[in-house]
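Structure first, then comments.
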Amino acid sequence: MTENIDKFVDSLRESLSRGTFVKMTLGNYKGADQHLQKIQVRLIATKKGRRLYFLYRGDTRDTAKNYSFDQSIDVVRGLLASDFCAAHLFTTENDLQLDIGKRGSRLNVAKPTFRNPASLAHDREKHRCVDENVFYLRLLGITNDEGRVRDRAQDKWRQINKFVEILAKTIDQSPLAQKSALNVVDMGSGKGYLTFAIYDHLRNIRGLDASVTGIEQRPELVEKCNEIAASGGFAGLKFIRSTIADIDVENVDILIALHACDTATDDAMYKGIQANASIVVVAPCCHQELRPQIKPPKMLQDVLKHGLLLERTAEFVTDSLRSLLLERFGYATKLIDFVPTEHTPKNLMLIGTRNPAPRRTAEIEREIDELKAFYSIDHQRLEALLENDRAALR
Ligand SMILES: C[S@@+](CC[C@H](N)C(=O)[O-])C[C@H]1O[C@@H](n2cnc3c(N)ncnc32)[C@H](O)[C@@H]1O
């Protein structure tokens, strides 16, 4: 009866000693804990050396423990002998699937899904950045009781995944990839979908010491998000009721503002620049500020008499100025389509990352001034907020 368990545990031991371990999952839980569902196991680097990180996924909360390799082997053997009836081990040499039934067990060995061992710094495996079957997605209304994404939440689910994927890639390509602790602030966090997903990704998928704070002006949303975070034991995740303009933030590695209304995006960018965040990511929402100011130059007067084109132009000029201002303060910028337009029209994302070789400031200043003059723009909020900082840099 224990022969296949022994073989499985031997393969785990061997994969750890040979450096071929990728990841492992224990499932089909039959133990006494009413909430525990599965355990996901991955390799992490700690100050004490390499460890296995056990993430105990429950329906109402997640908990995690690190074990040395020797301890892990004993823990896994114990869990398979008692509570878990299925286990999946991925190594770069084989995939092993163990199923334990009442009458015996079966061990299936297949070709490897993954050819590269787990990376310690971060996970570059091709898999979802967000685990679908986690309790907070259910409490936030994204998934149903069976852990499936609700039909009406499909667009949001796509957005959550895309966003975490983009952020993960941006971190990987920045000096933040070397850090084991990250401080993230999400301005205008709303119902908290993205805030929870970022926290879960950084903490539970990357195994980082992540601290994530959502800033939101609506008290009922703050209260609900804090309740869910507390019920899940998400110690490094909190939500604060405040307007973006009124919150003081410091030591921020990553500042996010997705679909914060109108000039709230400017307030958020200003806070990120002031805090010298390594990464600033915004997906602007409505663009009200510049439209009434735009006086089309003669060559565009017949074109911009159309409201729709004037609106698009206001969006274009606003986000161009935001991008240039980020560059002015030492960021490299990228503008991308966040999610396909059929899922949401608000799909432009501006990503700023600290640029070790920033562009010449005089050139950027001139571009900002010329763009404003071309459309007769008098006032842009981010520019106004940064005026003193800009003057100090001159
Ligand atoms: C459209 S929701 C987006 C929520 C979330 N970021 C997302 O993308 O799923 C915008 C949220 O920003 C909040 N918000 C807008 N302006 C704000 C401000 N100036 N200060 C704080 N919160 C703000 C709103 O209350 C709302 O909950």
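The values are calculated or read from the model by the stated rules, or taken from the named source; none is laboratory data. Everything numeric in this text was worked out from a predicted model, so none of it was measured. Cβ placement follows ideal geometry from the backbone for every residue including glycine, while neighbour counts extend to all protein chains displayed.
State which residue is farthest from Arg312 (Cα to Cα) when the search covers only the stretch 258-289 and only residues that are among the charged types (D, E, K, R) and more than 9 Å from the ligand (Cβ to nearest atom).
Here is the first cut: in the stretch 258-289, the ones among the charged types (D, E, K, R) are 262, 266-267, 271, 289.
Imposing the further condition that a residue be more than 9 Å from the ligand (Cβ to nearest atom) reduces the set to 266, 271, 289.
Values: Asp266: 18, Lys271: 26, Glu289: 13 Å.
For the stretch 258-289, the residue satisfying everything is Lys271.
Name the residues in the stretch 358-372 that are of a type in the set (S, T, N, Q) and over 15 Å from Arg390 (Cα atoms), would you?
Initially, the stretch 358-372 is screened for residues of a type in the set (S, T, N, Q), giving 361.
None - no residue of the stretch 358-372 is of a type in the set (S, T, N, Q) and over 15 Å from Arg390 (Cα atoms), so the list stays empty.
What are the residues in the stretch 225-236 that are at pLDDT below 95 and crowded, with 16+ Cβ neighbours inside 10 Å, if any?
Ile228, Ala229, Gly232, Phe234, Gly236
Report whether or not Asp172 is acidic (Asp, Glu) and within 16 Å of the ligand (Cβ to nearest atom). Outline the logic, then answer.
Values: acidic (Asp, Glu): yes; within 16 Å of the ligand (Cβ to nearest atom): no.
Here the answer is no, as Asp172 does not meet what is asked.
Within the stretch 196-244, can you find the residues that are assigned to a helix (DSSP H, G or I), within 23 Å of Lys65 (Cβ to Cβ) and in contact (Cβ under 8 Å) with a residue 24 or more places away in the chain? Reasoning before the result, please.
Within the stretch 196-244, the first condition is being assigned to a helix (DSSP H, G or I), and the residues that meet it are 196-205, 219-231.
In the following step, the residues that additionally are within 23 Å of Lys65 (Cβ to Cβ) were identified as 196-205, 228-231.
Of everything in the stretch 196-244, those that are assigned to a helix (DSSP H, G or I), within 23 Å of Lys65 (Cβ to Cβ) and in contact (Cβ under 8 Å) with a residue 24 or more places away in the chain turn out to be Phe196, Ala197, Ile198, Tyr199, Asp200, His201, Arg203, Asn204, Ile205, Ile228, Ala229, Ser231.
Can you name the strands (runs of 3 or more DSSP E) wholly within the stretch 245-353 that have at least 3 residues being among the β-branched types (Val, Ile, Thr)? Even if it seems obvious, please write down each step before you answer.
Details: elements: 254-258, 279-283, 331-337.
Qualifying strands (runs of 3 or more DSSP E): 279-283.
Report yes if some residue within the stretch 245-257 is of a type outside the set (Val, Ile, Thr), out of contact with any strand residue (DSSP E or B) (no Cβ under 6 Å at 6 or more places or on another chain), within 28 Å of Val317 (Cβ to Cβ) and surrounded by fewer than 20 Cβ atoms within 10 Å (Cβ to Cβ); otherwise report no. Spell out how you get there, then give the answer.
Pass one, the stretch 245-257, residues of a type outside the set (Val, Ile, Thr): 245-246, 248, 250-251, 253, 255, 257.
Add one more test, that the residue is out of contact with any strand residue (DSSP E or B) (no Cβ under 6 Å at 6 or more places or on another chain), and what stays is 245-246, 248, 250.
Going one step further and asking which of them are within 28 Å of Val317 (Cβ to Cβ), we end up with 245-246.
With the extra rule that they be surrounded by fewer than 20 Cβ atoms within 10 Å (Cβ to Cβ), the set shrinks to 245-246.
Yes, the stretch 245-257 has at least one match.
Scan the stretch 183-205 and tell me whether some residue there is within 18 Å of Asn161 (Cβ to Cβ), acidic (Asp, Glu) and either within 13 Å of the ligand (Cβ to nearest atom) or under 14 Å from the mean Cα position of the chain (by Cα) (or both). Walk me through it before giving the result.
Narrowing the stretch 183-205 to residues within 18 Å of Asn161 (Cβ to Cβ): 184, 186, 189-205.
Subsequent filtering for residues that are acidic (Asp, Glu) retains 186, 200.
Next, only the ones that are either within 13 Å of the ligand (Cβ to nearest atom) or under 14 Å from the mean Cα position of the chain (by Cα) (or both) stay: 186, 200.
Looking through the stretch 183-205, at least one residue is within 18 Å of Asn161 (Cβ to Cβ), acidic (Asp, Glu) and either within 13 Å of the ligand (Cβ to nearest atom) or under 14 Å from the mean Cα position of the chain (by Cα) (or both).
Under the condition of being surrounded by 15 or more Cβ atoms within 10 Å (Cβ to Cβ) and assigned to a helix (DSSP H, G or I), which residue from the stretch 8-29 is modelled with the lowest pLDDT?
Leu16
Please count how many residues of the stretch 7-45 are more than 19 Å from Gly207 (Cα to Cα) and among the aliphatic types (A, V, I, L, M).
Residues in the stretch 7-45 being more than 19 Å from Gly207 (Cα to Cα) and among the aliphatic types (A, V, I, L, M): 4 in total.
Could you tell me whether any residue of the stretch 319-340 is touching a residue at least 40 places away in the same chain (Cβ under 8 Å), among the acidic types (Asp, Glu) and crowded, with 16+ Cβ neighbours inside 10 Å?
Scanning the stretch 319-340, I find no residue that is touching a residue at least 40 places away in the same chain (Cβ under 8 Å), among the acidic types (Asp, Glu) and crowded, with 16+ Cβ neighbours inside 10 Å, so the answer is no.
Select from the stretch 62-117 the residues that are β-branched (Val, Ile, Thr) and within 27 Å of Ala235 (Cβ to Cβ) and write down the one among them that is surrounded by the most Cβ atoms within 10 Å (Cβ to Cβ). Explain how you work it out, then say what you get.
Of the residues in the stretch 62-117, the ones β-branched (Val, Ile, Thr) are 63, 73, 75-76, 91-92, 100, 109, 113.
Filter once more, so that each one left must be within 27 Å of Ala235 (Cβ to Cβ): 63, 75-76.
Details: Thr63: 13, Val75: 17, Val76: 25.
That would be Val76.
Looking at the structure I just gave you, is Asp337 under 25 Å from Asp172 (Cα atoms), modelled with pLDDT of 95 or more and among the acidic types (Asp, Glu)? Lay out the reasoning, then the answer.
Values: under 25 Å from Asp172 (Cα atoms): yes; modelled with pLDDT of 95 or more: no; among the acidic types (Asp, Glu): yes.
So Asp337 does not fit the description; no.
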